[in-house]
Every structure is written in C-alpha cells, then in structure tokens.
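To start, the structure itself, in structure tokens.
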Amino acid sequence: MDIFDLLKNKIYPADAKASGPVEYMIVGLGNPDSKYQNTRHNAGFLAVDRIAEKAAVSVDRLKYKALTAVATIEGKRVLLMKPQTYMNNSGEAVQEAMGFYKIPAEKVLIIFDDISLDVGKMRIRRKGSHGGHNGIKSIVQLCGSEDFPRIKVGVGKKPHPDYDLADWVLSRFSDQERNDLSPVFDNSWESAKLFLNGQLDKAMNQYNS
C-alpha cells in the first residue's frame, strides 16, 4: 500500500458550514483515463484529491466537463475540479465553471505538474504565462487571462535531453518519488487555505522551493 492508497483510508473533520454561492475554484490538471492514474502529468489531480480528503468531500460529480465537489474551506465555498477534457483542453472545463459562477481569474487556483522542478518541490505564483504547459495554455487562451494563481508541483526533469517529453510526463512515479510527493500535497492544502484567506504572499514565502 502506497501513500495514494493510504489517502483513501483517512477521514478528516468537515470544515465549518457556510452558505451562499461558490466564490472560489481550485482546479487540478490531469488526464481522465485510468491508464494515466498516478502519472507525472496527473500531479494536479493528485493534489486536488488530497485537498478533497482534507475537506472531507469526494470529487466525483460530473459537471462543467469535470469531476467536481463543492467544499467549505476556511469558511469559503469552493468548487474543486478535475477537468475530464484531457490536458490540452483543460480550459473548456475551467471556462464553463467560471462563467456559471461568475468567478474572476484571481479567485481560481490552478495546480499542475512542472518538469523544471525536482520531485518534492513546489512553486506558487500569483499569475504568469503558460510557460509551455498545454493545460495552462488552454486555460489562458479560452478564459482570456493570465491572472490565475497557481501551484506548480515538481515532477522531475527528463532523464536525458533526448528522452521524449510526452513519454516522460506520462510515466509513473517511483515508490521513492511518491513518498517525496506526500508533503508537497499537504503543503498544497495549506497553501490553498492561505490563498482563500487572501494570504498568497505568505504561502509563497513559506512553501516555494
């Protein structure tokens, strides 16, 4: 049993209830098919799964071209999302949910994989360009903004320059890498709470590699 299996057996107390409409979104990027489960490109999915476990919800309702759940975190109503459009079309799901709830980019936290960071590292940014990541590229293009706060989860650099990039991001983590990722996912949860409290700068100072 690895850390991903252990997560399923953890029970966390539900956050204090809040009423009213959804105000924020936390979106983890990845690919939906089971063959992509636990691959590097699905680091965003794994992070959102950890956040959902901490918030005592299940991201299992198909809506806005995504698996979703509405959670109450830090007294805020938050839509957790795992787009089911495949990575390159992630913007379709994000745009649809943003439009429905009328949520601006500044209140949408995106979590995704980054091959420039070692496994076990993370980096938080307030906004920025897509940087060559196709999922972020789709979101920026369809939503018309680069102002999305983001958490980049390190998945490691290619073993050598000639290694095919697609093969690398679709490869699975080793047992050691899975152990190294566990605190990153916990820190993603802590960073998300700071984001919801308007303390993204604090999250960057505390958790950036």
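Annotations for the structure displayed:
- When region 200-209 is filtered for residues that are assigned to a helix (DSSP H, G or I) and surrounded by fewer than 16 Cβ atoms within 10 Å (Cβ to Cβ), the ones remaining, listed by number, are Asp201, Lys202, Asn205, Gln206.
- Only listed residue being within 16 Å of Leu29 (Cα to Cα) and either without any contact (Cβ under 8 Å) to a residue 40 or more places away in the chain or not in a loop (DSSP other than H, G, I, E, B) (or both), chosen from Phe100, Phe148, Phe112: Phe112
- Residues in region 115-145 that are outside any helix (DSSP H, G or I) and more than 25 Å from Ser182 (Cβ to Cβ): Arg126, Lys127, Gly128, Ser129, His130, Gly131, Gly132, Gly144, Ser145.
- Among residues of region 123-136, those that are touching a residue at least 40 places away in the same chain (Cβ under 8 Å), under 21 Å from Pro83 (Cβ atoms) and surrounded by fewer than 22 Cβ atoms within 10 Å (Cβ to Cβ), counted: 2
- Residues of region 141-199 that turn out to be among the small types (Gly, Ala, Ser) and surrounded by 14 or more Cβ atoms within 10 Å (Cβ to Cβ), as a count: 8
- Scanning region 74-87 for any residue that is farther than 11 Å from Ile26 by Cα, assigned to a helix (DSSP H, G or I) and not β-branched (Val, Ile, Thr) turns up at least one such residue.
- Filtering region 100-113 to residues that are of a type in the set (D, E, K, R) and modelled with pLDDT of 95 or more leaves Lys102, Glu106, Lys107.
- Enumeration of residues in region 26-52 that are under 20 Å from Asn197 (Cβ atoms), in contact with a Leu (Cβ under 6 Å, 6 or more places away or on another chain) and assigned to a helix (DSSP H, G or I): Val48, Ala52
The values are calculated or read from the model by the stated rules, or taken from the named source; none is laboratory data. A quick note: this is a predicted structure, and the numbers were derived from the prediction, not measured. Cβ coordinates were reconstructed from backbone atoms using ideal geometry, including for glycine residues, and neighbour counts include every protein chain displayed.
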